[in-house]
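The values are calculated or read from the model by the stated rules, or taken from the named source; none is laboratory data. These numbers come from a predicted model, not from an experiment. Cβ: placed from backbone, ideal geometry, glycine included. Neighbour counts: every protein chain shown.
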Amino acid sequence: MTLPHLLTLLAILLHAIGILAAMHAVMNTRTPQGAFAWGLGLSLLPYFTLLPYLYLGRSHFQGYVTLHRVHRQRLSQAAQRGERNGIPPSCTRYSALVQMMHGTFHPGQQLTLLVDGDAAFEAIFQAIAHAQSCILVQFFIFHDDGLGRRMQQALLERAADGVRVFVLFDGIGSHALPRQYVETLRNGGVAIHSFTTRRRPNRFQLNFRNHRKIVVVDGWIGFLGGLNVGDEYLGLKPPLAPWRDTHLQLAGPAVADLQRSFAVDWHWVTGELPPMLPPRIADGSAHTLIAVSGPADPQETCSLFFTVAINAACKRLWLSTPYFVPDQAVLSALRLAVMRGVDVRVLLPSRPDHHTVFLASTLHAHDAIDAGIRMYRYQPGFMHQKVILIDDDTACVSSMNLDNRSFRLNFEIGALNVDRAFAEDVERMFLEDFGKSVEITRDEYRKAAYLRKLAMHVARLFDPIL
């Protein structure tokens, strides 16, 4: 058979496989936009789309979905039997979130805003050093660098003193983590595992990553937010340095929900449950709802979380996100907030860590400005924090980005806090950040070169997988 005949046969075969893959995408992709994009691309251009579909498009993890929903049902029943005695008046505008999350607003929370990596990890290491019974640690990224080795040593020391230590990391987020790092922890008595939605490893599955960042010490002190374990999060790696990020420390009964989130993931990976220590009463003033979201939820929980939060704003909605790729529901909610007279501001980075996402974000920012939303770019370094400030009494710190990965593809967690004192702390932080930012104008897009504008529009075509 001649070379032209072989190439023709190969092309026919690729198109046939592409059509089969397109049928699979149409049947299994979560959104109509994604189904249309994958179906069209796989049918017409299988040479370019088959390989990305293997990594990004396959979505079967039914075992995890089934287990997850069983756990959520049990947690909902436990909440109904236990402490949920109605929603406090100050939290009623978030009642839809309580129902959707099968959760509750826990009273009496003590909150500490940790405004950068140095403050966050100093607090985390201090809590770990005082652990007496159990430590739960979950991060999307672990690096074997200065901070990573400091975390490793801290956990080994507590394990050597008889504290039970459990660690989860994401297999894709921590793909560069050497096996020796993990084995050193395991040999030192630390229970450590990589998270995956399929119990049998699948190197082609890049979607459905566990993006949560959770630390719980003795069932009493909890941490969550945007930081991972790596030197860049301390601002030690140019060109993105200094790194701007935010974490939250909380003490009180809401920490039990952090334990439950960790326990669901740990049980899926290992078939076992970590210790579930009873919650303690705190003497703080905050009401806190722990919002746990992911692609196993029956609804698009993360996108709905943002939509409800935005719709709750009456006077002010300030939010920061490294990636501004909103879906139609979230963008419509932002526009409606502007029409209600709400002061809507969005803080973005001025430097890209992912160029395609940055290009798409720039075009979305231009559209947002046309809708009356004030957009800012943080100047000193890369801005990675995920924080929302609503009116004068509500603030959220989370791992949730404003993009489709967080909305529909990643496992995320956040804390929605109703408390005027904490909201004032977040307001001061935002004002300082805005003082180090420049407001984006229409000229950012209008004066861009034609090829850069074209790149923005091409990048936006990939919104469903950004």
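Observations, loosely collected:
- Here PRO295, PRO253 are screened, and the one residue that is surrounded by 18 or more Cβ atoms within 10 Å (Cβ to Cβ), in contact with a Leu (Cβ under 7 Å, 6 or more places away or on another chain) and in a loop (DSSP other than H, G, I, E, B) is PRO295.
- Taking the listed residues HIS366, HIS287, the one that is buried (at least 23 other Cβ atoms within 10 Å of the Cβ), modelled with pLDDT of 95 or more and over 20 Å from the mean Cα position of the chain (by Cα) is HIS287, with no other qualifying.
- Within the stretch 373-388, tally of residues that are in contact with a Pro (Cβ under 9 Å, 6 or more places away or on another chain) and more than 18 Å from ASP116 (Cβ to Cβ): 1
- With respect to the conditions (1) surrounded by fewer than 23 Cβ atoms within 10 Å (Cβ to Cβ); (2) out of contact with any Phe, Trp or Tyr (no Cβ under 6 Å at 6 or more places or on another chain); (3) outside any helix (DSSP H, G or I), LEU240 lacks only one, and its number is (2).
- Number of the condition not met by SER261 [criteria: (1) under 19 Å from ASN401 (Cα atoms); (2) outside any helix (DSSP H, G or I)]: (2)
- Qualifying residue in the stretch 391-403 (condition: over 24 Å from the mean Cα position of the chain (by Cα), surrounded by fewer than 24 Cβ atoms within 10 Å (Cβ to Cβ) and more than 18 Å from ALA365 (Cα to Cα)): yes
- In the stretch 320-377, of all residues being assigned to a loop (DSSP other than H, G, I, E, B) and touching a strand residue (DSSP E or B) at 6+ places or on another chain (Cβ under 7 Å), the one that is farthest from LYS447 (Cα to Cα) corresponds to VAL342.
- Residues of the stretch 310-329 that turn out to be at pLDDT 95 or above, over 16 Å from the mean Cα position of the chain (by Cα) and not polar (S, T, N, Q), as a count: 8
- The residues of the stretch 20-39 that are at pLDDT 75 or above and surrounded by fewer than 14 Cβ atoms within 10 Å (Cβ to Cβ), listed by number, are LEU20, MET23, MET27.
- Single match in ARG345, ARG374 (criterion: within 13 Å of GLU439 (Cβ to Cβ), more than 23 Å from the chain's Cα centre (by Cα) and surrounded by fewer than 21 Cβ atoms within 10 Å (Cβ to Cβ)): ARG374
- Residues being surrounded by 12 or more Cβ atoms within 10 Å (Cβ to Cβ) and closer than 30 Å to LYS315 by Cα - total across the stretch 440-462: 4
- Among the residues of the stretch 403-428, the one identified as of a type in the set (Lys, Arg) and within 19 Å of LEU97 (Cβ to Cβ) is ARG408.
- Exclusive hit being in contact (Cβ under 8 Å) with a residue 12 or more places away in the chain and outside the structural domain of THR184 (by TED's automatic domain parsing), set PHE125, PHE105: PHE105
- Number of the condition not met by ALA421 [criteria: (1) touching a residue at least 40 places away in the same chain (Cβ under 8 Å); (2) outside any loop (DSSP other than H, G, I, E, B); (3) within 29 Å of LYS237 (Cβ to Cβ)]: (3)
- Entirely in the stretch 75-168, the helices (runs of 4 or more DSSP H) that have 3 or more residues that are at negative phi and at pLDDT below 95: 95-101
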